[in-house]
Amino acid sequence: MNAPTMQGLNINAPAYVKNARLLAWVADMVALCKPNNIVWCDGSQEEYDRLCQQLVDAGTFKKLNPAKRADSFLACSDPSDVARVEDRTYICSAQKEDAGPTNNWMEPAAMRATLQPLFDGCMKGRTMYVVPFSMGPLGSHIAHIGVELTDSAYVAVNQKLMTRMGKAVYDVLGVDGEFVPCMHTVGAPLAEGQKDTTSWPCNPTVKYIVHYPETREIWSYGSGYGGNALLGKKCLALRIASNMGRDQGWLAEHMLILGVTNPQGKKYHIAAAFPSACGKTNFSMLVPPAGFDGWKVTTIGDDIAWIKPNADGKMYAINPEAGYFGVAPGTNTLTNPNCMASLDKNVIFTNVALTDDGDVWWEGMEKDAGKLPEHLIDWQGKDWTPAIAKETGAKAAHPNARFTVAATNNPALDSAWDDPAGVPIDAFIFGGRRSTTVPLVTEARTWMEGVYMAATMGSETTAAAFGAQGVVRRDPFAMLPFCGYNMSDYFQHWLDMEHKLEEQGHTLPKIFCVNWFRKDEAGKFVWPGYGENMRVLKWMLDRIEGQAQGQDTMFGVAPQYAEITWTGLEFNEAQFNTVTSIDKAAWAEEFKSHDAHFELLSYHMPKELIDTKNALEQRLAAL
Ligand code: GTP
Ligand code: SPV
Ligand code: MN
């Protein structure tokens, strides 16, 4: 098939697609992008297999050894396209103030004028895939539908694993149902007769990830990777949904959701916000350690939560996704056995290394094998050996290498993961990656103090986003790259929840602040982390039940050493003090940094947060 067919605007829509706005939009976008061909994805297994085979034929996918990883593939991206591009991400609200100082902004008309020539003809020589998906259980009142038009088959197959994707979405959409239009192109049109010279077409220099919050549209240009390209995830379920949540009185958050059941069978639900590559997937699949017989942790979600107040006086959370796009490096059977078990079949790996027997490898797997592999092909297609790694420091897998896998692969999947009603939240946790200063765990004394902890959260940057790594930046609520409107208005939205919910007779969830990442003088993590985080989780539940007294500190209520269950772990009181102590000088600096952060956010900054800071500083001065 070639250009004339599409230019005649025969969009070949299947008869079951009846939504008038969708049909008109697809026709417009075909006219704009000028693809050679159009494929309406139905979400079937047959279609998934066919597209995967096509990606194998194109060299984008390598099929892994079925004896090692059944029905799994490896894709390696262009080295210029390995993570989210925060400096190319825009919130184009009508007013600049509504995007706020933490988002890039351009006037919508100016951005449209910028994108128009880029999208004009951007799919020449390629196929446009129409990918209908639901964020949240199909047809539930809580779900939102998106339709992604993309020239990447890789995106289409990833969306099948990450969302409820396919034909049934059109039944829900009907003739006049609402959807979020999501335009995506890798930004690499092919001239007549030109063939791809790369297996990962993208635009190495021009990238735009654009959101129009008022008209609820997403336009993504130039990248095929992760959150830049799988538009249901960060773009729709966080940046656009946070706008919906503000308007409609709910929350769209960068949070995992887990269930934890004690030996008596009582079940609790926790939602936790950690920045990118800071342990959400790990925590959501936690396996309780020795000393926790009869305890069970189950996963509802590993990255995104939509949370709504309910008439029964509780906040209910759903995971809008249907799969995990998780960080591979560091994952092994010691850190995350449930995750490793999820990855034995039907997985798409991106930017990990290939073993000589057709399996995948990443840094951290040597802990399982007891040794490094002798030879690999690294994520850039080069030979890798332990000697080369030692000499050059070359990583076999990119530090932001990821796996895409359906939630149903997870052996710890919660029975309610797909329940449109969601699960009632007992506590929120906020935690950044901090080598110093922030204690292992404290509980906010009030909702206000919890919002303060979240609003001032700092974290050392990771490979999940392009740019410098390991520098502390403020990442409020772990939402810095994902809040689709003014951050101070978002703080206000969280503060307003308290009064609104209390008026309705709600019991508000408790709020905790954690830090798994304190280091000693030698630069080593002091807290063992991973499964051992169960010990901290248990203390939180004890607090909820009124069974742990805790001790008042400057920054909330902390556990006493004896209140943590230590069975099965050697962790003495001195070590405990290393991860829980409050250093007066460090905190004085910390509050200065909060000042600078609040200064940046001064437009619409809730006064109560500044009062809270002053109160905390007074507590510090009294130490
Ligand atoms: P996104 O998918 O990017 O939003 O991130 P995530 O929060 O789901 O990240 P993930 O769980 O994949 O975190 C991976 C990183 O966190 C790896 O570097 C892990 O080694 C590290 N990590 C996770 N849990 C712990 C922990 O308890 N202690 C320590 N020290 N590191 C941890
Ligand atoms: C994150 O960076 O927080 C992710 C990965 O979850 S991505 O989908 O690429 O944004
Ligand atoms: Mn994330």
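Values in this text are rule-based calculations from the coordinates and carry no lab data. As the structure is a computational prediction, the values presented were derived from the model and not from experiment. Reconstructed Cβ throughout: ideal geometry from the backbone, glycine too, with neighbour counts over all protein chains shown.
Cross-linked pairs Lys63/Lys371; Lys234/Lys613; Lys167/Lys195: Cα-Cα separations exceed 28 Å for Lys234/Lys613; Lys167/Lys195. Judged by the mean number of other Cβ atoms found within 10 Å, the most tightly packed of the peptides 307-318, 382-393, 516-527, 419-430 leads the ranking 419-430, 307-318, 516-527, 382-393. Counting only residues at least eight positions apart within a chain, or on another chain, the lysines with an alpha carbon under 25 Å from that of Lys266 are Lys280, Lys296, Lys308, Lys314, Lys510, Lys538. Convex hull volume per residue, computed on the Cα atoms of segment 187-243, equals 88 Å³. Beyond 12 Å, the tail of the calculated P(r) for segment 81-141 holds 78 percent of the Cα pairs.
An ellipsoid equivalent to segment 424-527, defined through the eigenvalues of its Cα gyration tensor, has semi-axes of 28, 18, 9 Å when rounded to whole angstrom and sorted largest first. The value given for segment 482-550 is a Kirkwood hydrodynamic radius of 15.5 Å, derived from the mean inverse Cα-Cα separation. Exposure proxy shown here: for Asp78, Asp71, the number of other Cβ atoms within 10 Å sets the order, fewest to most, as Asp71, Asp78.
Residues Leu149, Leu569 in ascending order of nearby Cβ atoms (within 10 Å, fewest first): Leu569, Leu149. Pairs of C-alpha atoms in segment 246-322 farther apart than 15 Å represent 59 percent of all such pairs. The angle separating the long axis of helix 45-57 from the principal Cα axis of greatest extent in the chain is about 80 degrees. Can you grab the distance from the C-alpha centre of segment 529-592 to the C-alpha centre of segment 270-337, Å, no decimals? Each part's Cα centre sits 21 Å from the other's.
Using a cut-off of 16 Å between alpha-carbon atoms, which aspartates and glutamates can reach Lys233, once sequence neighbours fewer than 8 places away in the same chain are excluded? Straight-distance partners of Lys233: Glu86, Glu148, Glu217, Glu253, Asp302, Asp303, Glu321.
Restricted to Cα atoms, the chain shows a radius of gyration and a Dmax of 24.2, 77 angstrom. Our helix-only sum for the chain, with -39,500 (n - 2.57) per DSSP H run of n ≥ 4 divided by its residues, gives a mean residue ellipticity at 222 nm of -8000 deg cm²/dmol. Short-range pairs are left out: with C-alpha atoms under 8 Å and at least six residues apart, the relative contact order of the chain is 14 percent.
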